[in-house]
Amino acid sequence: MRPKLTDVAKKAGVSPTTVSRVINNYGYLSEKTKNKVYHAMEELNYQPNSLARSLQGKQTKLIGVIVPEISNPFFAELVGTIEKKLFEKNYKMILCNANYDRHKEQEYIKMLIANQVDGIITGTHNLDIEEYNQGGLPIIAFDRSLSKKVPIVSCDNYQGGCMATEELYQAGCRHIDFFGNPESIANPTNERLKAYQDTIQKFGLHPHVHAVRFSESPTLKALSVRQLLEQHTADGIFCSDDLTALLVLQEARKMNIKIPKQLKVIGFDGTKLIQTYHPELSTIVQPIEEIADLLTELLCKRIENSNFKFDSNQFKIPVKILRSNSTR
């Protein structure tokens, strides 16, 4: 039977992560540890992919991309654009769909390390930074705060939240609700909620925040939306993503609530799919092309020089508003 990395680790008396780090030449390791691993590999005749290139300090030209949900149109479009940008830079992408599952994310990280990827772009927040650091890989985060050492790329979520709330107010709404994730975790997407709250306060209105989570199934989300529409008298709703906004429009029509006369709705993301197939939805458009450009550019700089220092840890890209029939 062909020997595995775990067999090498067992024979050398070290962890599989240490074996991977020796193979990839990542991080500080003593000569004694390296020699133990090399000796075990030689005895077992272990030949991992791209071993010769890795030992010579060359790259595998593989990048791991971890997303929470590939079925979401925003992540699907972002991943497609990242793949295009990486291919232009002579890199191939390994896509991992964590599906909001901590265990899956852990397993994918192990798999990426075993496949000797040159770096990781992650948009999930199930794991702590230490679990990513085990592989000693360059990491760039999208919309997720992992640590002060990991650069974060995002759209200007606060700007978008202000624009969305102001759009509803300028359209005549005075009972404006927020539908989205209410968790107070330190991630850039929570700036949408903060912007809503600040803007509501500026206009002297009362905030109404309702939990409609990204990870819920469409059926459960639709049920939650319908209950909220039945229980509250909102004349304007800011949804923190477009899919939730579409569910609001769908349930409102079932309840004979006239859009936009009785209820105005605005979403957030503005993917090409939404703009093409649901042009009636007003939304805040994230600059996906520019986000993918920056994610890949920053990662390549870290791969080329692991000690490269960025002027800032956070990179925010401006958004724009797309006005349509759901607010006007």
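The values are calculated or read from the model by the stated rules, or taken from the named source; none is laboratory data. For clarity, every value in this text was computed on a predicted model and none was experimentally measured. Note: ideal-geometry Cβ built from the backbone for every residue, glycine included; neighbour counts use all protein chains shown. Each accessible area value is taken on the protein alone, full model and side chains, heavy atoms only, with ligands, DNA and RNA left out. Shrake-Rupley method; radii C 1.70, N 1.55, O 1.52, S 1.80 Å.
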Item to complete: With a/c under 1.5 counting as rounded, go ahead and sort the stretch 154-228 into rounded, prolate or oblate using the C-alpha gyration tensor (a ≥ b ≥ c being the square roots of the eigenvalues; past the cut-off, prolate if a/b is larger than b/c, else oblate).
Response: oblate
Item to complete: Scan around HIS208 for amide H atoms under 5 Å from its own, H built in the peptide plane at 1.01 Å from N, and keep only partners 5 or more places away or cross-chain.
Response: PHE178
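Using a simple charge model, +1 on the beta-carbon of Lys and Arg, -1 on the beta-carbon of Asp and Glu, nothing else, what dipole does the chain show about its Cα centre, in debye to the nearest 20?
Details: 41 positive and 37 negative charges, 109 e Å.
Computed charge dipole of the chain: roughly 520 debye.
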Worksheet, complete the sentence: From highest to lowest solvent-accessible area (probe 1.4 Å; ligands, DNA and RNA excluded), HIS39, HIS206 read HIS206, HIS39
Worksheet item: Which three extents, in whole angstrom, do the alpha-carbon atoms of the stretch 257-314 cover along their principal axes, largest first?
Response: 57, 22, 11
Item to complete: Could you look at the chain and say what percent of its accessible area is carbon and sulfur, using a 1.4 Å probe and all protein chains?
Response: 49 percent
Discussion item. Please compute the volume of the convex hull spanned by the alpha-carbon atoms of the chain and report it per residue in Å³.
Written reply: 140 Å³
Worksheet entry | Degrees, to the nearest 10: 191-202 long Cα axis against longest axis of the chain | 30 degrees
Worksheet item: Name the residues of the stretch 264-303 whose amide N is less than 11 Å from a point 7 angstrom out from the Cα of ALA76 along the C-beta direction?
Response: 272-274
Worksheet item: Which angle from 0 to 90°, rounded to the nearest 10, does the C-alpha axis of helix 218-231 make with the longest principal axis of the chain?
Response: 30 degrees
Worksheet item: Which length gain, in nm to one decimal place, applies between THR6 and LYS84 when the Cα-Cα distance is subtracted from 0.36 nm times their residue separation?
Response: 24.7 nm
Practice prompt. Can you send over the solvent-accessible area of SER306, 1.4 Å probe, protein chains only, in Å² to the nearest 10?
Written response: 90 Å²
Fill in: Burial order of peptide ranges 59-65, 86-92 (average beta-carbon count within 10 Å, highest first)
59-65, 86-92
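Among 187-193, 297-303, how do they line up by average Cβ neighbours within 10 Å per residue, starting with the highest? Walk me through the numbers before you get to the answer.
Working: 187-193: 21.6, 297-303: 19.6.
Result, highest mean Cβ count within 10 Å first: 187-193, 297-303.
Normalised by the residues of the stretch 190-328, what does the relative contact order come to in percent, with Cα pairs under 8 Å and at least six apart? Don't skip to the end; give the middle numbers.
Details: 150 pairs, mean separation 28.9, N = 139.
Relative contact order here is 21 percent.
Over the chain, what is the relative contact order in whole percent, taking alpha-carbon pairs under 8 Å and six or more residues apart? Please list the in-between numbers first.
Values: 570 pairs, mean separation 55.0, N = 328.
Averaging sequence separation for qualifying contacts and normalising by length gives 17 percent for the chain.
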Item to complete: Sticking with the crude label model, points 7 Å out along Cα→Cβ, report the distance from HIS232 to ARG328 in nm, one decimal please.
Response: 2.6 nm
Worksheet, complete the sentence: antiparallel share of DSSP beta bridges within the stretch 225-328, to nearest 5, in %, is 30 percent
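If you take the alpha carbon radius of gyration of the stretch 184-328 and divide it by 2.2 N^0.38 Å, what ratio comes out, to two decimals?
On the way: Rg = 18.0 Å, N = 145, 2.2 N^0.38 = 14.6 Å.
Its radius of gyration relative to the 2.2 N^0.38 Å reference: 1.23.
How do TYR277, TYR38 rank by accessible surface area computed with a 1.4 Å probe, from largest to smallest?
Details: TYR277 160, TYR38 85 Å².
Result of the area sort, largest leading: TYR277, TYR38.
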Practice prompt. Would you kindly work out the equivalent ellipsoid of the stretch 233-291 from its C-alpha gyration tensor and give its semi-axes, the square roots of five times the eigenvalues, largest first in whole Å?
Written response: 23, 11, 8
Worksheet item: All other residues with a Cβ under 13 Å from the Cβ of SER154 taken together, and with Lys, Arg as +1 and Asp, Glu as -1, what is their net charge?
Response: -2
Practice prompt. List the residues whose amide H sits under 5 Å from the amide H of GLY119, counting only those 5 or more places along or on another chain, with H placed 1.01 Å from N in the peptide plane.
Written response: GLY64
Worksheet entry | Degrees between helix 31-44 axis and first principal axis of the chain (Cα, 0 to 90, nearest 10) | 80 degrees
